[in-house]
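These notes concern the structure reproduced below.
The values are calculated or read from the model by the stated rules, or taken from the named source; none is laboratory data. All values reported here derive from a predicted model rather than from experimental measurement. Methodologically, a virtual Cβ is constructed for each residue, glycine included, from the backbone with ideal geometry; neighbour enumeration extends over all protein chains shown. The area values use the complete protein model at the heavy-atom level, side chains included, leaving out ligands, DNA and RNA. Shrake-Rupley method; radii C 1.70, N 1.55, O 1.52, S 1.80 Å.
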There are 2 protein chains.
Amino acid sequence: MPTPIASKYQSFADLGGPAKVGERIAALRARLATQGLSGFVIPRADRHQNEYLPPDQERLLWATGFSGSAGLAIVLKDKAALFVDGRYTVQAAAQTDRGVFDCCPAGEKAAQDWLKENLRQGDRLGFDPWNHTYDFVQSLTELCASAGAEFVAVATNPIDDLWTDRPGPPDGPVSARPLRLSGETAEAKIARLRAEGFGADGLFISDAHNVAWLFNIRGSDIAHIPLPLAFAYVPREGKPALFVAATKLSAAVRERIAAIAEVREPSEIEAFLTEQAKAQHKVAFDKATAAYKLIDAFREAGGKFALAADPITLMKACKNDVEIESSRRAHLIDGKAVVQFLEWFDREGANAPRTEIDAAVQLEAFRAQAPTFRDISFPTISAAGPHAALPHYRVGEASDIPIAPGLFLIDSGAQYEEGTTDITRTIAVGEPSSDMIDRYTRVLKGHIAVATCLFPEGTSGAQIDAFARRALWDVGADFDHGTGHGVGVYLSVHEGPQRIAKTAAVALRPGMIVSNEPGYYAPERFGIRIENLLVVVRKSIAGAEREMLGFETISLAPIDLRPVDRGLLTEAEIAWINAYHAWVRDALGPGLEESTRDWLEKATAPRWV
Amino acid sequence: MPTPIASKYQSFADLGGPAKVGERIAALRARLATQGLSGFVIPRADRHQNEYLPPDQERLLWATGFSGSAGLAIVLKDKAALFVDGRYTVQAAAQTDRGVFDCCPAGEKAAQDWLKENLRQGDRLGFDPWNHTYDFVQSLTELCASAGAEFVAVATNPIDDLWTDRPGPPDGPVSARPLRLSGETAEAKIARLRAEGFGADGLFISDAHNVAWLFNIRGSDIAHIPLPLAFAYVPREGKPALFVAATKLSAAVRERIAAIAEVREPSEIEAFLTEQAKAQHKVAFDKATAAYKLIDAFREAGGKFALAADPITLMKACKNDVEIESSRRAHLIDGKAVVQFLEWFDREGANAPRTEIDAAVQLEAFRAQAPTFRDISFPTISAAGPHAALPHYRVGEASDIPIAPGLFLIDSGAQYEEGTTDITRTIAVGEPSSDMIDRYTRVLKGHIAVATCLFPEGTSGAQIDAFARRALWDVGADFDHGTGHGVGVYLSVHEGPQRIAKTAAVALRPGMIVSNEPGYYAPERFGIRIENLLVVVRKSIAGAEREMLGFETISLAPIDLRPVDRGLLTEAEIAWINAYHAWVRDALGPGLEESTRDWLEKATAPRWV
């Protein structure tokens, strides 16, 4: 087996594990005792409620050994529990020390029910006020009170005192996003935001993605997302304030920002909020991301606040024409790398047993050749055989297996200066079985049903979600995740509020980018997912009586047709496949080397016509 | 034109109108002044929040001249407004006196916004505490308080004092529903209800449909619904109480009910609730239907109450096997009448110009021949040409028109002892235009897409609603009502909580009956709707990995295939049409006279095979 090429962009090291959990929790309990606390709540969260955390914020991993992307631990004097959702029950049980932590399902109120059972009269349960939302603190404060206990904000996080090799805070340089990529100046965005209104004298922006979008800046504080950790404040009138560490700003960037905003240190936020309170300015905070600490500081200073959804979230979700055009270019670049990978995979597959890590590293290497490539957009899900049945499988050195005959699933994406990509292909290795073929064909039918649907303005993602499932429902099958998530432009690969899912109540609007990724998972056997990104676009239909919307697919790569049962496809579905493949071939072919182009020609040749 | 046969079951008289509105509102204002009130709120409601009202409860119609099925009026000293939803804006403007009432859209909070603008400091706004829910009174009490006004419950409704020719309260005899039709004894239902739980010491049942279902009784207090106006109380243990006027009970029925419940007069309810309060029984009231008066009386007596959804609503919605089998029989009876009507319509159409009323009366006459026919289930929507573009058109003597070439829509149903029916057919008269054919075919495609879909347990009506719309969306069209409503068994033709609609969050469960009625409406030109009733059933699918549900269509009548564009249909859709028609032919043919059977053979002959 050839030595794998090293990855610059992702680690396959096996994270977490139970080894140190016992001693760390013992130390934490001792520490809590000195602080007069009987317990502590450990969320997987930073000061912005980010989904992806910088390493210094991985306190849940440090304390529990669990490395998944969502979870909450509660440590009491003689009991502790780790709450994780359905994706992570197996992983959490394997990674944490079960002698220390009970692993519990993280359903609605699960942690609260556990607390109700285990809190004792007089308990003082600590929490870090920077890492929880206002609503969370409110409900736990009430819960503790009703148990005769107290929910206590700590001044410093006790884990930080114990975590001796804790990394420093990220210090990535901030860059300005040029108008040729943003399509709208920060001044214009701020004016639009003010016109939109936020029901207060000022809007405090705690979602760092929203800060990045509004001020047309990007950063490098978090792996895979060009995010600067920053806060901002936009008053109804006058100069906004941007709270970002001065060390992250070059002179040029600082000058550019200074033209539109006061630049201040994040450590000045509390004093700043106190000033706003004294000036009797009513401030709106974002319900979903504002830290309790911020609101508490403001309220303590006598400030009147409103909790609402930050209107920037929706503004950012609706990309302008320049952003969409730029995203299309990102997808052309990405498509070339994916095609190179698929050609390599088909060629190499016959020669040598490659592993999941080999595939992930090779795909990354093709992507990294592009001059505007900056990072991958999330750790690659490279999943052979039974691993693909785990929709969120993360390959590590211990789990890595050779890609054997069956189905191989690879879900990956990249950050190019032009935009963010996310694509999944499932590839037949050898002869797929008849049930693989049946399910693969149904997933493809679902993918096409979403890609081709038209819908009137005002339609939500929930209304069209079942289009992705009907062909699976027909045989009594389904998949247990949403059909699609929102995607940013050179920002997070997971962005709200747009979604396609059972409960996605937000209306789809022109310019939103959303994934289309139905799947099918046969536990311990195989997994299938076919994912392209879509842009919501206006559709002009002769004789239309409503304002109609639909999707434009922007991801480019052949869909493997070897595991397809043609008998299950309609003529319209076949026409869509051939048209999509013709577009992929025409768009990517001219930029490829001859051998890759030959492969692409074959992979995209018209079928069943 | 032949004299129409008189209708025993519906009136085509022109209801309402502006003539008396001015004098009545003047009298009402004078009356209010004597009671120290500056205004009054007039909902379209009775003491049970019924959708269909007995005549003595039609206070909104009396006061405003508006005869629609939903609305709210507010009369102040020098201003008055009538709030109606989108279905009724044209009708309300035509029926009420616009010099007295402003006609306003009844959106979320519209009435409240109007009140905020028009209430004055010191105003005393009256309301009848029997005709509003607790939540409504709470929110208006707060609103009035914040305007420096007061929301005041009146002891007697001032309209009742002024309404000189007000009909007496309904006094329809109550009948027992035999076990061969209910499939479950009242005792067993009560035991199930107690096992289900209602979070209190007793459940007060204010939804008269739920009382009828639980005690296996029916009545005749309201047109088109065999409903006895009654309340009930079920304690956790011991004998329930049924509040129903003794005059409605025969000796036999009284004896039967007395075996399971104390029978009391409705006038005893307040005293009864006071007793419960004194006994410190916590009582659960239904959020949606319990009158404010009931809860207020209980609370004033010191009672602790819970407001929740009456669990009977969901129990009643899930029909048992006997009820489903009985509903199937009702539909066989109804299908025969509908086929007789369709044959008559095709035959007569060529001979003489028939009107909308002629058609409605003729259909009713065919239905009334069945020995178990008791009533129609709602006023027939018999709509020719442009009238069909109004989804809720009610034909009256003034609006009645001859059925001219184009499309004729008839939406009707009946109450048989066996069950309740509701069916819509749209019929081509002469040569339909190409746009009629296109839209009719797409409505039919939507109907088939719903009828044939399979879905996993837990799927809501909202998730499958778009199946009904996709073929219309494809050409930029849609329809502005839900795809389906719940239907009872020899009870209301509108029943919750089951629905198929954008916002229908309740999961569909086996035994629920729901309509499947996509439509299309070309304003001032034509309207299309194709409706059958469906039962939610378990579907056994070879190799299924989930518990799957689907629908069984129970309505029987040919679907007109003359306005169909075969080119728009898939093979699977054609197969469904032919299979449905074969079932209709086989099920109904043997019971028909020869000429009708010949017609049915032709109307259901296999097509496009």
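Mind running the shape call on segment A:137-241? Use the C-alpha gyration tensor, a ≥ b ≥ c as the square roots of the eigenvalues: rounded below 1.5 for a/c, prolate if a/b tops b/c, oblate otherwise. Note, shape of segment A:137-241 comes out oblate.
Debye calculation, C-alpha points only, no solvent: report log10 I(q)/I(0) for segment B:171-294 at q = 0.09, 0.14, 0.22 Å⁻¹, in the same order as the q values. Summing over Cα pairs of segment B:171-294 leads to -0.23, -0.57, -1.44. Taking the label point 7 Å from Cα in the Cβ direction, how far apart in nm is A:R538 from each other copy of itself, listed shortest first? Sorted ascending, the copy-to-copy spacings read 5.1 nm. Would you mind checking A:K8/A:K189; A:K109/B:K293; B:K316/B:K539; B:K8/B:K602; A:K189/B:K502; B:K336/B:K502 for any pair whose Cα atoms are more than 25 angstrom apart? Pairs exceeding 25 Å: A:K8/A:K189; A:K109/B:K293; B:K8/B:K602; A:K189/B:K502; B:K336/B:K502. Here the spin labels are modelled as points 7 Å beyond Cα on the Cα-Cβ line, and at A:D85 and A:R180 they lie 4.0 nm apart. For the peptide B:468-475, the mean number of other protein chain Cβ atoms found within 10 angstrom of a residue's Cβ is 6. Packing, taken as the mean count of other beta carbons within 10 Å per residue, orders the peptides B:52-60, A:296-304 from highest to lowest as B:52-60, A:296-304. Computed over chain A, relative contact order equals 11 percent, with contacts defined as Cα pairs under 8 Å that lie 6+ residues apart. Based on alpha-carbon atoms, the Kirkwood radius and the radius of gyration of segment B:223-374 give Rg/Rh equal to 1.16. Listed by chain and number, the aspartates and glutamates placed with their C-alpha closer than 14 angstrom to that of B:K239 are B:E187, B:D201, B:E262; residues fewer than eight positions away on the same chain are left out.
Using every pair of distinct Cα positions in segment B:60-211, the Kirkwood expression returns a hydrodynamic radius of 18.9 angstrom.
P(r) tail, segment A:378-429: Cα-Cα pairs separated by more than 14 Å, 52% of all pairs. Translational diffusion coefficient of segment B:1-90 (Stokes-Einstein, Kirkwood radius from Cα pairs, 37 °C, 0.692 mPa s): 221 µm²/s. Sorted from longest to shortest, the spans of the Cα atoms of segment B:356-409 along the three principal axes equal 36, 20, 19 Å. FRET efficiency for the pair A:D14 and A:E348, taken as 1/(1 + (r/R0)^6) with r the Cβ-Cβ distance and R0 = 22 Å, rounds to 0.30. Assuming a ≥ b ≥ c are the square roots of the Cα gyration tensor eigenvalues, decide whether segment A:544-584 counts as rounded (a/c under 1.5), prolate (otherwise, with a/b larger than b/c) or oblate. Oblate is the answer for segment A:544-584, as a/c is 1.5 or above yet b/c matches or exceeds a/b.
Helix B:571-588 and the longest principal axis of the Cα set of chain B meet at an angle near 80°. For the A and B pair, go ahead and give the buried accessible area with a 1.4 Å probe, both sides summed, in Å² to 100. That pair hides around 2500 Å² of surface in total. Protection proxy ranking of A:499-505, B:512-518, by the mean of other Cβ atoms within 10 Å over each peptide's residues and highest first, is B:512-518, A:499-505. Derived scalar couplings between HN and Hα for segment A:455-461 equal 7, x, 3, x, 6, 8, x Hz in order, rounded to whole Hz, by the Karplus curve 6.51 cos²θ - 1.76 cosθ + 1.60 (θ = phi - 60°), x for Gly and Pro. Take each peptide in A:439-451, B:568-580, B:535-547, count the other Cβ atoms within 10 Å of every residue, and average; sorted highest first, the result is A:439-451, B:568-580, B:535-547. Take the protein assembly as shown with all the other protein chains still there, run a 1.4 Å probe, and you get 38 Å² of accessible area per residue.
Both radii are taken from the alpha-carbon atoms of segment B:403-460; with Rh as the Kirkwood radius, Rg/Rh is 1.11. Counting 0.36 nm for each residue step from B:R509 to B:R192 and taking away their Cα separation leaves a gain of 112.4 nm.
If you look at the Cα atoms of segment B:412-542, you get an Rg and a Dmax of 15.2, 49 Å. Where the centroid of each part is defined by its Cα atoms, how far is segment A:271-348 from segment B:356-384 in Å? Using only Cα atoms, the two centres lie 60 Å from each other.
Comparing the full protein assembly with the isolated chain, the residues of segment A:542-590 losing at least 20 square angstrom of accessible surface (1.4 Å probe) are A:E545, A:R546, A:M548. Compared with the direct C-alpha span, the chain from A:R98 to A:Q35 gains 20.1 nm at full extension, assuming 0.36 nm per residue.
The equivalent ellipsoid of segment B:122-167 has semi-axes of 24, 13, 6 Å, largest first, where each one is the square root of 5 times an eigenvalue of the Cα gyration tensor. Between the alpha-carbon centres of segment B:427-449 and segment A:542-573 there is a gap of 26 Å. Ellipsoid fit via the Cα gyration tensor, segment B:465-561: semi-axes of 25, 17, 14 Å, each the root of five times an eigenvalue, largest first. In a simple Cβ point-charge model (Lys, Arg +1; Asp, Glu -1; nothing else charged), segment A:394-541 has a dipole of about 580 debye relative to its Cα centre. Rounded to the nearest 500, the helix-only mean residue ellipticity at 222 nm of chain B stands at -10000 deg cm²/dmol, with each DSSP H run of n ≥ 4 adding -39,500 (n - 2.57). Just so you know, the Cα atoms of the protein assembly as shown work out to an Rg and Dmax of 33.7, 99 Å.
Across identical copies of the chain, B:E187 has label-point separations of 8.5 nm, listed in ascending order, with the point defined 7 angstrom from Cα along Cα→Cβ. Position B:E552: other-copy label points at 5.0 nm, ordered by increasing distance, label point 7 Å along Cα→C-beta.
Rg and Dmax of segment B:227-286, both derived from C-alpha coordinates alone, stand at 12.1, 35 Å.
Counting only Cβ charges, +1 for Lys and Arg and -1 for Asp and Glu, the dipole size of the protein assembly as shown around its Cα centre is about 880 debye. The string of couplings for segment B:417-430 from the Karplus curve (6.51, -1.76, 1.60, θ = phi - 60°) is 3, 6, x, 10, 10, 6, 9, 10, 10, 10, 10, 6, 10, x Hz, one whole number per residue in order, with x for Gly and Pro.
The charge dipole of chain B, taken about its Cα centre with unit charges on the Cβ of Lys, Arg, Asp and Glu (plus for the first two, minus for the last two), comes to roughly 720 debye. In segment A:74-121 the Cα-Cα distances spread across 10 Å bins starting at 0 as 27, 53, 19, 1 percent of all pairs. Expressed in units of 2.2 N^0.38 Å, where N is the residue count, the Cα radius of gyration of chain A is 1.00. Shielding of B:450-457 by partners, i.e. mean partner chain Cβ atoms within 10 Å per residue? Going residue by residue through B:450-457 and averaging, the value is 3. Segment B:492-524 and segment A:82-145 have Cα centres lying 40 Å from one another. If Lys and Arg each add +1 and Asp and Glu each add -1, what is the summed charge of the other residues whose beta carbon sits under 14 Å from the beta carbon of A:G172? Every neighbour counted, the sum reads -1.
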